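The values are calculated or read from the model by the stated rules, or taken from the named source; none is laboratory data. All figures in this text were calculated on a predicted structure; none of them were measured in a lab. We place every Cβ from the backbone using ideal geometry, glycine too, and count neighbours over all the protein chains shown.
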Amino acid sequence: MAVILDNATVATMDDSVEAGGYGLIPRGAVVIEGDRILWAGPEALLPDSSLPHHDMGGRLITPALIDCHTHIVFAGDRAREFEMRLQGASYEEVARAGGGILSTVTATRAATEDDLFAQSLPRLDAILAGGAATVEIKSGYGIDIETELRMLRVARRLGQARDVTVTTTFLGAHAIPPDYRGRADAYLTEQAIPALRAAHAQGLVDAVDAFCEGIAFTPVQVARVFSEAQALGLPAKLHAEQLSNLGGAALAARHGALSADHLEYLDVDGVQAMAAAGTVAVILPGAFYTLRETQAPPIARLRAAGVPMAVATDCNPGSSPLTSLTLAMNMACTLFRLTPAEALLGTTAHAARALGLTDRGRIAPGMRADLAVWDATHPAELSYRIGSTALHHRIVGGRIDT
Ligand code: DI6
Ligand code: FE
């Protein structure tokens, strides 16, 4: 049975937003049936106003938010490393000294599946409490076959435990384990690629990512991982140009990747390659902020080239212990000069595209009825607030009051 959500301002994020708006309908209504949107438009034009109504109390309705880049499955924390960095150690120095990602690997390997689930669930809940209904979760703190599979099982379980779509990304090429130091290719051959094959065979993988960086994997090694992903029919993503420029974004674009993420050190060639391939630029201001990075991604160039930009939390224990998408949007505006409309597009329509999902991220007929209802009158308010959320409630798969 269809229902009407009325007495609302509706930010559809429809195609007109590419021209700078929100697809805003001031006295708007949305009609949903089952898990789909049937209709959205001005209240005065409702096709059948005899259907049951839910009064939204004049609130703002947007597509439910999408966090398209997280690492929320991990054990332990890295607060001590935060202290070390504040005393002058760089992220790379901590990593080269065996801390950083590898310290989370030690904690994650030691955790049971239930423990990992219990430690990760509050992070998922925090992201959902900020208005999200789709969350991508990466592996990459196991970096051995058994623990990578365990992380991905936990990610799938998280998706079943809450009203959310979880998509999983295999990130076996995240760091080189201590026993493979100086032998990254052997690690890929003996652990990462077999782990990817096994995880894929068990239905645990939706996409494949890698960390292309001086402290991680070279472009040639990343290309090996991408070839394997391609052989399995899985889309690629890449942590690229976060700390230095290795041409990772162009490599990702050549492999038809859904997205290249971080991009602080992206150059003009990388921008052009992404534009030509339609690769989404996922902007992660939480990591920029936490690492006190000073070089911002080339937002003006990306915008001018028409590269779609997404915004995500990058929630992880090292470089971005952030569970608020609206705070990520705020940082994207204040630190990187995205407009609030671009920031919201970045956590809705463009985030969907960064995950290869075509059924969400905008309010339009046929799309999933994943909506966020906000105590706000204008969508710029979502990017404007710091440290509080205006979320009133989420509607997930058409279920009201979740
Ligand atoms: N870049 C990041 O920002 C995260 N992973 C990556 O490749 C950080 C992961 C961590 O420090 O635990
Ligand atoms: Fe990341």
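I need the helices (runs of 4 or more DSSP H) fully contained in region 60-140, keeping only those with at least 1 residues that are at pLDDT 95 or above, within 11 Å of ligand 1 (Cβ to nearest atom) and of a type outside the set (Phe, Trp, Tyr).
101-110
What is the number of the single condition among (1) in contact with a helix residue (DSSP H, G or I) (Cβ under 6 Å, 6 or more places away or on another chain); (2) within 16 Å of ligand 2 (Cβ to nearest atom) that Ile145 does not meet?
(2)
Can you confirm whether region 300-307 contains a residue that is within 16 Å of ligand 1 (Cβ to nearest atom), in a helix (DSSP H, G or I), aliphatic (A, V, I, L, M) and out of contact with any helix residue (DSSP H, G or I) (no Cβ under 7 Å at 6 or more places or on another chain)?
No; the residues of region 300-307 include none that is within 16 Å of ligand 1 (Cβ to nearest atom), in a helix (DSSP H, G or I), aliphatic (A, V, I, L, M) and out of contact with any helix residue (DSSP H, G or I) (no Cβ under 7 Å at 6 or more places or on another chain).
So, in region 206-244, of the ones that are of a type in the set (Gly, Ala, Ser), touching a Phe, Trp or Tyr at 6+ places or on another chain (Cβ under 7 Å) and under 16 Å from Leu188 (Cβ atoms), which residue ends up farthest from ligand 1 (Cβ to nearest atom)?
Per the stated criteria, the residue is Ala236.
For region 245-270: of the residues being among the charged types (D, E, K, R) and within 13 Å of ligand 1 (Cβ to nearest atom), which is farthest from the chain's Cα centre (by Cα)?
Glu264
Working only within region 345-388, note down all residues that are within 13 Å of the chain's Cα centre (by Cα) and either more than 12 Å from Pro308 (Cα to Cα) or exposed (fewer than 15 other Cβ atoms within 10 Å of the Cβ) (or both).
Those that are within 13 Å of the chain's Cα centre (by Cα) and either more than 12 Å from Pro308 (Cα to Cα) or exposed (fewer than 15 other Cβ atoms within 10 Å of the Cβ) (or both): Leu355, Gly356, Leu357, Gly361.
Just wondering, is there one or more residues in region 250-262 that are assigned to a loop (DSSP other than H, G, I, E, B), in contact with a Gly (Cβ under 8 Å, 6 or more places away or on another chain) and touching a residue at least 12 places away in the same chain (Cβ under 8 Å)?
yes
Of all residues in region 308-330 being more than 12 Å from the chain's Cα centre (by Cα), part of a loop (DSSP other than H, G, I, E, B) and touching a residue at least 60 places away in the same chain (Cβ under 8 Å), which is nearest to Ala380 (Cα to Cα)?
Among those that are more than 12 Å from the chain's Cα centre (by Cα), part of a loop (DSSP other than H, G, I, E, B) and touching a residue at least 60 places away in the same chain (Cβ under 8 Å), it is Pro321.
Any idea which residue in region 290-333 is surrounded by the fewest Cβ atoms within 10 Å (Cβ to Cβ), counting only those that are of a type in the set (Val, Ile, Thr) and more than 17 Å from Val135 (Cα to Cα)?
Filtering first and then ranking leaves Thr294.
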